[in-house]
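Here the structure comes first, spelled out in structure tokens, and everything after it is commentary.
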Amino acid sequence: MPDLGPFLLFFGVSSTDHDREERLNRRFELEHFSNVVTLDLASPLEPGQYLLRGLPDEANKRGWTVGQGGGHPTGHLSDDGLEELRDWMGQRDRWVQPEARPPPS
């Protein structure tokens, strides 16, 4: 079998993976932030992206999304974030202040 390497290089065919870093980041996020949580707040929210001030930092790391039609915010949490949220929910005095967050650029 002839070596096709020089032929492929001559015609610009290479094995450079240009989207590798983006795919690896997306895969990490899907695996690391695997807990999907929906919160039931006292007042429904308009559709959009939010930070929920008052929640623990780890639970607020990726923000929260309210889908079309409005309602309850949904977020993707790491195991640590889920644990911190559960601890926070066990507290007596807790509050949340939704803050609209611009979409990532």
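For the stretch 63-78, enumerate the residues that are farther than 12 Å from Val36 by Cα and surrounded by 19 or more Cβ atoms within 10 Å (Cβ to Cβ).
Val66
Please work out which residue is nearest to Thr38 (Cα to Cα), limiting yourself to the stretch 79-105 and to residues that are under 17 Å from the mean Cα position of the chain (by Cα) and small (Gly, Ala, Ser).
Gly81
I need every pair where a residue in the stretch 50-61 that is in contact (Cβ under 8 Å) with a residue 24 or more places away in the chain and more than 12 Å from Gly81 (Cβ to Cβ) has its Cβ under 7 Å from the Cβ of a residue that is surrounded by fewer than 21 Cβ atoms within 10 Å (Cβ to Cβ) and of a type in the set (Gly, Ala, Ser), sequence separation at least 6 or different chains.
Final answer for the pair search is Tyr50/Gly63; Tyr50/Ala100; Leu51/Gly63.
If you go through the stretch 35-53, how many residues are open to solvent by less than 70 Å² (accessible area, probe 1.4 Å) and either in contact with a Leu (Cβ under 9 Å, 6 or more places away or on another chain) or modelled with pLDDT under 90 (or both)? Spell out the reasoning first.
First pass over the stretch 35-53, keeping only residues open to solvent by less than 70 Å² (accessible area, probe 1.4 Å): 35, 37, 39, 41, 45, 47-52.
Pick out the ones that are also either in contact with a Leu (Cβ under 9 Å, 6 or more places away or on another chain) or modelled with pLDDT under 90 (or both) and you get 35, 37, 39, 41, 52.
The qualifying residues number 5.
Pairs under 9 Å by beta carbon, first residue part of a loop (DSSP other than H, G, I, E, B) in the stretch 32-44, partner exposed (fewer than 13 other Cβ atoms within 10 Å of the Cβ), six or more apart or different chains?
Ser34/Asp79; Pro44/Gly70
Please go through the stretch 88-105 and give me each residue that is outside any strand (DSSP E or B), modelled with pLDDT of 85 or more and either touching a helix residue (DSSP H, G or I) at 6+ places or on another chain (Cβ under 9 Å) or of a type in the set (D, E, K, R) (or both), ordered by number. If you could, list the steps in order and put the result at the bottom.
Kept after step one, since they are outside any strand (DSSP E or B), are these residues of the stretch 88-105: 88-96, 101-105.
Then drop every residue that is not modelled with pLDDT of 85 or more, which leaves 88-96.
Hits for the stretch 88-105 are Trp88, Arg92, Asp93, Arg94.
Could you list, in sequence order, all residues of the stretch 45-75 that are part of a strand (DSSP E or B) and closer than 13 Å to Glu99 by Cβ?
Of the stretch 45-75, the ones part of a strand (DSSP E or B) are 45, 48-53, 55, 64-66, 71, 74-75.
Leu45, Gly48, Gln49, Tyr50, Leu51, Leu52, Arg53, Leu55, Trp64, Val66 - these are the residues of the stretch 45-75 that are part of a strand (DSSP E or B) and closer than 13 Å to Glu99 by Cβ.
The values are calculated or read from the model by the stated rules, or taken from the named source; none is laboratory data. Owing to the predicted nature of the structure, the values given are computational and were not obtained by experimental measurement. We place every Cβ from the backbone using ideal geometry, glycine too, and count neighbours over all the protein chains shown. Side chains are part of the model used for accessible areas, which takes the heavy atoms of the whole protein and leaves out ligands, DNA and RNA. Shrake-Rupley method; radii C 1.70, N 1.55, O 1.52, S 1.80 Å.
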